[in-house]
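The block underneath contains the structure these notes are about, expressed in structure tokens.
Rule-based calculations on the coordinates, nothing more; no lab input. Since we're looking at a predicted model, the values are computed, not measured. Cβ: placed from backbone, ideal geometry, glycine included. Neighbour counts: every protein chain shown.
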């Protein structure tokens, strides 16, 4: 098998996505970025932080900023109950938690199931959308918005990376 076939094969390999809900939309993120999934615990607030940065938790000795993606995307009424889920992510060498409405499942998507994201009216900036995944049969398919969670979490508007550095400097 030549080098080109190996490269082609690597590209076509199905990818696994963790899917979760925010409001009425379902999102998928690369499972390799997900470290664990846990319930929502009390967080320690950080003075002056943006509203969507709920605060930090101590996760086995690591201080982890917790971002509520529901607030980030202005999803109106946000409830915290026993169903609220925090997805602990490892992005750009940092551990960050993301609060979502619920985690659905882990899905494998092949290249054929992923379409480029058209310009569409989503809750978030198209820069953070890598594509749209289609799951299910023709008559009963559902759309997943595939997020580049690393890009989203390390974006300047999130301010998490800078926030953490400020904390470390304090």
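Going highest first, how would you order 147-156, 71-80 by mean Cβ packing within 10 Å?
Output ranking for 147-156, 71-80: 147-156, 71-80.
Restricting to bridges with both residues inside the range 15-169, how much of the DSSP beta-bridge set is antiparallel, in percent to the nearest 5?
Here the share of antiparallel DSSP bridges comes out near 90 percent.
For the range 15-169, count all C-alpha to C-alpha pairs, find those more than 25 Å apart, and express that count as a whole percent of the total. Can you show the working numbers first?
Details: 3237 of 11935 pairs.
Of all Cα-Cα pairs in the range 15-169, 27 percent lie more than 25 Å apart.
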